[in-house]
Amino acid sequence: MNISDLEKELSHKKRSVSDLISYIKTRNSNTPNYSVLLGAGASISSGIKSGYELCEEWRKDIYELLSKDKYESRSKAVDYLIRSEGGWYNEGNEYSSLFEKKFDLPAQRRRFVENEVDKAIPSIGYAYLTSLADESDRYIDTIFTTNFDDLCNEAFYQFSNIRPIVCAHDSSIHSLSITSSRPKIIKLHGDYLFDDIKSTLRETESLENNIKDKLIEFSREYGMIVVGYAGNDRSIMDVLNYLLSSETYLKNGLYWCIRTGDEVRPEVRKLLWKDKVYFVEIDGFDELMAEIHHNVKNDLPVLGNFSESKQDKIINNFIKDDYNLKEKSIYISSDVSKIRKNKDDFDISNLIMDLNNSNEDYLRGVSESQFKSLLKVDSLIKKKNYLEARKEADGTLNLLDDEDVSVSFLRRLVYICRELSLKDKALEYCNRLIAFDEYNFKYVLLKSENIYPLTDSCKFLYDNLERFDTNYLYINQMVSKAIMDIKNNSKRAFLNNEEVQRLIEKSLKLEPSPSNSAWSLYIDYIEYVYENSLNSKELNEKNKKIKDHLDRMSDMNSKNINYLRLNVENYSLSSPSSIESGDTLESLLDVVKSEFHKASKSKKELLFKIICDGYLKYFSMESKDVVGFFHDRYEIVYSFLNDKDFNSFGEKKNTASYFILKSFKSIQLDDRESYKESIQEAMKIEDSYMYCNRIISSLLNFLNDIEMAREYLEKVKEDIADYKYCQYLSNILLHEGDLKESLNKLDKSFEIGLEYDDYLTAKSYVYLRSEKYKDVISLYKSEGGEVRSETTKAVLLLNSELAKKMIGEKLDDLKIRNIISKKLGVNYIISAHCILGEKNQAVNLLRKEIDAFKLNYYSFLEWPIIPNEYLEEALTRKQNVKKVS
């Protein structure tokens, strides 16, 4: 039955959108009259396939598989399935029966749903819905949804300052209060992040008890508006029938919105015969929300910060309007026009602000046409349209005779050519800059960034040292590159260890203040020199040198911010005494906390960041008794997060490491919703690029959100080194399964600065994931004896031995057991036990590591070296927590 037939049969039950709006408007004070029940139809314009589309795909696949005939028509396939497959096929609930046939296991169904919803972006209808649920002026309070996607929650995050309460499974809903003013999202069939999503016929036969009880409880207070839901789930229809049988529930009625042209299921038709149930013909979810919003709240509020990459993408989707919503709704057309104008104004305003904040002196005398050209170049760069940006910049540059203005265009052309891999052209533009002012050290440093390999870059800087031998900033940049060059190529590096140390001392003599980064460079240098020290004598020697160095700094000013930062930063995790005492780091942080409480507001923010960075170190420690140690460490971290003095610190909103700490706590509690909320807060903060690797790794391993990881990496691209960008992009591509391109980006990263050891370990891993076992073995044979680092040798050896095992070659048991005896770290020992098939030892260590930090489990899932059965047993094996006294 379609809606036209329904109108003939139940004309007295039809209500208009205008009628519905008048009922929504009639509320007592700020208390809404209605909750909303969303079905799959509400997500179509967000890029998620409808149940109808999926049924079409599955029916065709299953029909061709079982009948061995080519699919010709729906009717023929349905007829075959009813006659021949009636044991499982149910035409009345086709979606669920096909879904269950297509995917046998809950985990398979979860992965399918995850892939379907992963790249969905909230449509404009969700922006209206979040505004209608704003607790300051709410017309909607509770959103029930049969959908697995996260569109509702994502919309609140992007378009509202209010964070909704999200209940995605039965256990989480029990304590939900109807009196809470925060918007509530209740996922009736679960969330794609959990294996217990309900979508098969048997699974949708019943709702979990707590969810069912809440649906009933909330219906006592509110009426209900149903949008995009076909009524396919007997569990929900049974509850609605029960509610309608009593005067106590749904006192404000149930309004079932049906899109023009849609079929009406028999179950819905039966429901519409009941008292208090009406149907409303609508054009679609987005159009309905737009019309309601314009009539109860006027225009859609100007949406927030267009500079946020995810929100910018959502806004662009509104403007692009793939589903032609502007043609169907005058309200959406009006709002999208305003959004487009605001976005254009915002983009231009931002470009002007960036130019004004760029410290480019030429701006005082730049002409209007030159300024417009700069705006255009920057706009094209932002859109990654580098060819057009180069054309515009070159065109303007050729007309300029003003040196200061030319510098600005030349700088941009250097960047553009680097992005286009035009190395020679980039160097040509650098030479033109140096020709303007050969004693401007920034131009020389810029050229060094475009010279590869690293050894050649170091030589170039050293050859020009005479001009800048009293400039400590120039010397520091050269030292930084030299340390990296030595790490990559110790035998053929341009500068030797002694020269590097001499240059560091020269820099500190030129500028002895704690603000000089040479203080930090010296520690990097010492860490390298003692990199392979395993015995306590050498470790104590290294730690003494670092301590003496920091004491020199302390003698100048023990309360200096940079001294406090370095002291916490370089708390030695390799010192056995530090690890066993367990309180050394806490005592260092106590000193910083003491300074925090008596510092000025601006200084407080810097100290707060040092404190948060210190607590992050607890998530990367090892100890002899990992579980007991971490049990105590988590209490310390949680105590800090709950400390009212720090919790009430207003500027914590500018500290990315604070929100990363909160996200790591959520990982430990396996709470994906609060993790996502915290990590997205961190990603918005200016200094988040400093934690780029942590953020991207947790997004990939814990949330498996490749798109969010990509978007974040693009956002911070300008803030991180080029080689790091390529390195992190390689990791994302690897997670995505694009192994060839992952290797290409890794090669590029090494070419422009990635340390050789990091390159080798990553390359060996990519080979292993690509099942190129001969290449893994060859890499170890050619490089294993050359590398200096014991840990790098261990990785190459272990991967090589696993590769040999995979192709049936004989293992070198003695070398593998040497890895265990060297005690390089618990992950090396786990890997060795796994290769040797020593299940019990491996599982015990895996259990401890997972208890230490839950993110380890999600990381281990990606390791080819660890059998899945070991991991599963580690998860189920009883945790043996030893209390720390």
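The values are calculated or read from the model by the stated rules, or taken from the named source; none is laboratory data. Since the structure is predicted, the reported quantities are computational estimates derived from the model, not experimental observations. Please note: Cβ atoms are built from the backbone with ideal geometry, for glycine as well, and neighbour counts cover all protein chains shown.
Here G47, G87, G92 are screened, and the one residue that is small (G, A, S) and closer than 30 Å to K313 by Cβ is G47. Residues in the stretch 52-109 that are over 21 Å from E263 (Cβ atoms) and among the aliphatic types (A, V, I, L, M): I62, L65, L66, L105, A107.
Could you list all residues from the stretch 419-432 that are under 16 Å from F460 (Cβ atoms) and under 31 Å from the mean Cα position of the chain (by Cα)? Within the stretch 419-432, no residue meets the criteria.
The residues of the stretch 93-125 that are in a helix (DSSP H, G or I) and among the β-branched types (V, I, T), listed by number, are V113, V117, I124. For the stretch 647-666, the set of residues classified as farther than 14 Å from D613 by Cα and assigned to a helix (DSSP H, G or I) consists of N647, G650, E651, K653, K665, S666, listed by residue number.
Quick grid of which residues meet (1) of a type in the set (G, A, S); (2) not assigned by TED's automatic domain parsing to the domain that holds G253:
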{"position": "E9", "(1), (2)": "no, no"}
{"position": "R15", "(1), (2)": "no, no"}
{"position": "A40", "(1), (2)": "yes, no"}
{"position": "L65", "(1), (2)": "no, yes"}
{"position": "D69", "(1), (2)": "no, yes"}
{"position": "G86", "(1), (2)": "yes, yes"}
{"position": "E91", "(1), (2)": "no, yes"}
{"position": "Q108", "(1), (2)": "no, yes"}
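Counting only helices (runs of 4 or more DSSP H) wholly contained in the stretch 667-757, the ones carrying 1 or more residues that are more than 25 Å from S421 (Cβ to Cβ) and of a type in the set (S, T, Y) occupy 672-684, 692-698.
Scanning the stretch 683-699 for residues that are more than 10 Å from the chain's Cα centre (by Cα) and among the small types (G, A, S) turns up just one, S688. Inclusion of Y765 among residues that are in contact with a Leu (Cβ under 9 Å, 6 or more places away or on another chain), over 30 Å from S480 (Cβ atoms), among the aromatic types (F, W, Y) and not assigned by TED's automatic domain parsing to the domain that holds C834 is not warranted. If you go through the stretch 5-21 and keep only what is surrounded by 12 or more Cβ atoms within 10 Å (Cβ to Cβ) and of a type outside the set (D, E, K, R), you end up with L6, L10, V17, L20, I21.
Sub-7 Å Cβ pairs linking a first residue in the stretch 384-404 that is in the same structural domain as E428 (by TED's automatic domain parsing) to a second residue that is among the charged types (D, E, K, R), at least 6 apart or interchain, are Y386/E419; E392/K376; A393/R412; D404/D361, ordered by first then second residue. Within the stretch 226-252, the set of residues being among the β-branched types (V, I, T), in a helix (DSSP H, G or I) and in contact (Cβ under 8 Å) with a residue 40 or more places away in the chain comprises I236 only.
Before we move on, is S666 touching a Ser or Thr at 6+ places or on another chain (Cβ under 6 Å) and surrounded by fewer than 22 Cβ atoms within 10 Å (Cβ to Cβ)?
Working: touching a Ser or Thr at 6+ places or on another chain (Cβ under 6 Å): yes; surrounded by fewer than 22 Cβ atoms within 10 Å (Cβ to Cβ): yes.
Against the criterion (touching a Ser or Thr at 6+ places or on another chain (Cβ under 6 Å) and surrounded by fewer than 22 Cβ atoms within 10 Å (Cβ to Cβ)), S666 qualifies.
All conditions in (1) buried (at least 19 other Cβ atoms within 10 Å of the Cβ); (2) farther than 15 Å from L566 by Cβ hold for I504, with the sole exception of (2). When the stretch 770-789 is filtered for residues that are out of contact with any helix residue (DSSP H, G or I) (no Cβ under 6 Å at 6 or more places or on another chain) and either part of a helix (DSSP H, G or I) or buried (at least 18 other Cβ atoms within 10 Å of the Cβ) (or both), the ones remaining, listed by number, are K774, S778, K781, S782. State all residues of the stretch 147-165 that are part of a loop (DSSP other than H, G, I, E, B), more than 12 Å from L129 (Cα to Cα) and either at pLDDT 80 or above or in contact with a Lys or Arg (Cβ under 9 Å, 6 or more places away or on another chain) (or both); if no residue qualifies, say none. Result: N147, F148, D149, D150, I162, R163, P164.
Take N398 and decide whether it is modelled with pLDDT of 95 or more and more than 35 Å from the chain's Cα centre (by Cα). So that I can check it myself, show each step before the final result.
Details: modelled with pLDDT of 95 or more: no; more than 35 Å from the chain's Cα centre (by Cα): yes.
No, not satisfied.
Filtering the stretch 230-259 to residues that are at pLDDT 90 or above and in contact with a Ser or Thr (Cβ under 6 Å, 6 or more places away or on another chain) leaves L243, Y249, L250.
Among the residues in the stretch 790-810, are any outside any helix (DSSP H, G or I), surrounded by 15 or more Cβ atoms within 10 Å (Cβ to Cβ) and on the phi < 0 side of the Ramachandran plot?
Scanning the stretch 790-810 turns up no residue that is outside any helix (DSSP H, G or I), surrounded by 15 or more Cβ atoms within 10 Å (Cβ to Cβ) and on the phi < 0 side of the Ramachandran plot.
Of all residues in the stretch 473-514, those satisfying the criterion of being within 23 Å of L446 (Cβ to Cβ) and of a type in the set (S, T, N, Q) are N476, Q477, S480, N488, S507.
E64 passes every criterion in (1) more than 27 Å from G39 (Cα to Cα); (2) buried (at least 16 other Cβ atoms within 10 Å of the Cβ); (3) of a type in the set (D, E) apart from (2). Entry remark, the stretch 142-169: residues being touching a residue at least 60 places away in the same chain (Cβ under 8 Å), within 22 Å of M237 (Cα to Cα) and within 20 Å of the chain's Cα centre (by Cα) number 1 in total. Taking the stretch 281-297, which residues are farther than 20 Å from D321 by Cβ and either outside the structural domain of I21 (by TED's automatic domain parsing) or in a loop (DSSP other than H, G, I, E, B) (or both)? The answer is K297, and nothing else.
Look through the stretch 6-40, keep the residues that are in contact with a Cys (Cβ under 9 Å, 6 or more places away or on another chain) and in a helix (DSSP H, G or I), and return whichever of them is farthest from I140 (Cα to Cα). Among residues in the stretch 6-40 that are in contact with a Cys (Cβ under 9 Å, 6 or more places away or on another chain) and in a helix (DSSP H, G or I), the one farthest from I140 (Cα to Cα) is V17.
Between Y71, Y52, the distinction of being surrounded by fewer than 20 Cβ atoms within 10 Å (Cβ to Cβ), without any contact (Cβ under 8 Å) to a residue 60 or more places away in the chain and not in a helix (DSSP H, G or I) belongs to Y71 only.
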